[in-house]
Amino acid sequence: MRTSGQFMWRTVGLLSVLSFLLFAAGFVFALDPRQLSSGRVAEPAGHAKPAPLAPGEGIRNVVALGDSLTRGAGDANGLGYVGHVRQALEKQAGHPITLTNLAINGQESTGLVDQLSQPQVQSLLKQADLILFTIGGNDLFKQSGGVYRVDNDKLAAAIKGLAANYEQILRRIRELNDSAPIVYTALYNPFGDTDAAADTVKPVLDWNSDAAAIAARYPRVIVVPTYDLFVHKENTYLYTDHFHPNEAGYARIAERIMQALQ
């Protein structure tokens, strides 16, 4: 059984390379899917194409949503990836940037959907110049029966529910704010170097692919890949809980986000 799992891990692991290439292309695709067309596509009448965003340009208010990854759990300095992004934007913009972090430790996608109905949250999102969020890790691993005892039926149901909530999240944010870039940080697999690898690699990659496809339906939504940042580097970039990133891991995520905003 262990040998079969290891074989599956090696086979599915090859998908990580393809996944990375897909998401790298997805930086452009998420901003404007027509960029992948080989021919010129006419703009619809009355539709103005948004100007490219320069990092820090026009950004004064950043709102962050999601779970413990956006909260910065595991970073001894308390910055998390959102803190690093804020510092980088301030350096490039040359002015202070207000960051409002509304993320909640342990939050699942249903909780984030509910949070978006709160008037204060809606008001902050309307004023945001950049919106950052993470969601999905708790949906996949809490609902699936736990990291080391994955229930495939529960996992499939969790992914289906996550996809529906994720689309609702994007739709609602875009209704509240039709111009600010939305950056979703895709999932990495913190269990790739454990016995749970064979059961967790494919679901994470499948979800990341689904997230990119759904995001492509909405303007100015960027899905930032992180899977490749951690694969085979878990001991270097994960916190001692072997789930959240450490300070260096968050810094790498922030660097990838800044690259996407270029």
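The values are calculated or read from the model by the stated rules, or taken from the named source; none is laboratory data. All values reported here derive from a predicted model rather than from experimental measurement. Glycine gets a Cβ as well: all are built from the backbone with ideal geometry, and neighbour counts include every protein chain shown. All accessible areas refer to the heavy atoms of the entire protein, side chains included, with ligands and DNA or RNA removed. Shrake-Rupley method; radii C 1.70, N 1.55, O 1.52, S 1.80 Å.
For the range 83-194, the orientation-averaged shadow of the C-alpha convex hull comes to 8.2 nm² (one quarter of the hull surface). How big is the accessible area of Phe191 in square angstrom, nearest 10, if you roll a 1.4 angstrom probe over the protein chains? For Phe191, the solvent-accessible surface is approximately 10 Å².
Measuring with a 1.4 angstrom probe and ignoring ligands and nucleic acids, Asp199 comes out at about 80 Å² accessible. The trypsin sites (Lys or Arg not before Pro) of the range 99-193 that DSSP puts in a loop, and whose beta carbon has at most 12 other beta carbons within 10 Å, are Arg149. Scaled to the globular estimate 2.2 N^0.38 Å, the Cα spread of the range 164-262, given as radius of gyration, is 1.16.
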